[in-house]
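The values are calculated or read from the model by the stated rules, or taken from the named source; none is laboratory data. Everything numeric here is computed off the predicted structure, so don't read it as measured data. Here the Cβ is made from the backbone with ideal geometry for all residues, glycine too, and neighbour counts use every protein chain on show. Just so you know, the surface numbers come from the protein's heavy atoms only, side chains and all, with ligands and any DNA or RNA stripped out. Shrake-Rupley method; radii C 1.70, N 1.55, O 1.52, S 1.80 Å.
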Amino acid sequence: SRVDVGTTNMGLTTDQFTNTNPNFDQMTFNITDGYQTIGRATALVKADAKTKVFGTDDPALTATVTGLYGQDAVQYTLSRATGESVGKYVITPTGAEQQGNYTVQYDTALLTITSADAVMVTITGHTGTFPYSGQAQSVTGYDVNISNDLYTEADFTFNGTASISRTDAGTTAMGLAEDQFVNTNDNFTDVIFVVEDGAVTITPIDVTVTVTGANNTTAYDGVERTVTGYTAVADNNLYNL
């Protein structure tokens, strides 16, 4: 057995096997050792989108880490592109690509600096995580947060699809983007949309397959006997044998 990334050999050797049948004088055991190998899982470090008003301090940079198991952690640093003018600046997470039991991927986000009188519309796509069931799982919609009470959801249009579905293990992004949201209220000339994409994630599930080799018992009569084949049973009907 093994938990962490790497390989552990079973340790089978020829001297562990002894012939006990007196009908066979010379016995040769050809041994192929068994082993358990654990490969790296994939973790994702995605920077969180941030906003601030021009002239104020930067908010604390944070990231969301997915794909870890138990109390595992990965190490990374966050930095943003330099500049203090009104605009958008990339927040970049960096770190080693291989850490312990994980291959680590990194995804950027944006820090948006707005003018003091700008209307900030924050769009947060819905997310969902489901265990694999053989059926498509879906996530729809997004949340809206607006910095000015005079501005409402009726003041902008959305040209996109706020839904996503997935069947197999992995993650699919919803695909929300800032250019899909357009201000339609002429009373507001500086409307900034900050979008955090939604996603649906399907996690793999466990299955046990019990394999039973065919067997036969016959009294020795000097004739070679052969047994072939096996039966296999899975404890989950979703697994296709």
For segment 170-182: of the residues being without any contact (Cβ under 8 Å) to a residue 60 or more places away in the chain and crowded, with 18+ Cβ neighbours inside 10 Å, which is farthest from ASN148 (Cα to Cα)? MET174
Just to be sure, is THR167 touching a residue at least 60 places away in the same chain (Cβ under 8 Å), polar (S, T, N, Q) and open to solvent by less than 80 Å² (accessible area, probe 1.4 Å)? no
For segment 135-197, list the strands (runs of 3 or more DSSP E) that sit wholly inside it and hold at least 1 residues that are modelled with pLDDT of 95 or more; which are they? 137-140, 142-146, 156-158, 163-166, 181-183
Near pairs, Cβ below 7 angstrom, 6+ apart or cross-chain, from segment 112-131 (touching a residue at least 12 places away in the same chain (Cβ under 8 Å) and among the aromatic types (Phe, Trp, Tyr)) to any residue that is open to solvent by 30 Å² or more (accessible area, probe 1.4 Å) and in a strand (DSSP E or B): PHE130/GLN137
Checked segment 1-39 for anything farther than 30 Å from GLN99 by Cβ and not in a loop (DSSP other than H, G, I, E, B); matches are THR14, ASP15, GLN16
Filtered residue count, segment 67-93, keeping only those that are open to solvent by 70 Å² or more (accessible area, probe 1.4 Å), assigned to a strand (DSSP E or B) and at pLDDT below 95: 1
What residue, of THR51, THR62, is among the β-branched types (Val, Ile, Thr) and touching a strand residue (DSSP E or B) at 6+ places or on another chain (Cβ under 7 Å)? THR51
Unmet requirement for LEU110, which otherwise passes all of (1) out of contact with any strand residue (DSSP E or B) (no Cβ under 6 Å at 6 or more places or on another chain); (2) closer than 30 Å to ASN183 by Cα: (1)
Quick check on LEU61: is it surrounded by 13 or more Cβ atoms within 10 Å (Cβ to Cβ), under 30 Å from VAL121 (Cα atoms) and within 30 Å of the chain's Cα centre (by Cα)? yes
Residues satisfying the stated conditions in segment 94-134, i.e. farther than 30 Å from GLN71 by Cβ and assigned to a loop (DSSP other than H, G, I, E, B): SER115, ALA116, ASP117, ALA118, GLY134
Report the residue count in segment 98-147 for those that are open to solvent by less than 50 Å² (accessible area, probe 1.4 Å) and over 31 Å from the mean Cα position of the chain (by Cα). 4
Any idea which of VAL207, VAL191, VAL211 is more than 25 Å from the chain's Cα centre (by Cα), of a type in the set (A, V, I, L, M, F, W, C) and loosely packed, with under 14 Cβ neighbours inside 10 Å? VAL211
Can you tell me which residue within segment 132-164, out of those that are free of Cβ contacts under 8 Å to residues at least 40 places away in the same chain and among the hydroxyl-bearing types (Ser, Thr, Tyr), is nearest to MET120 (Cα to Cα)? SER147
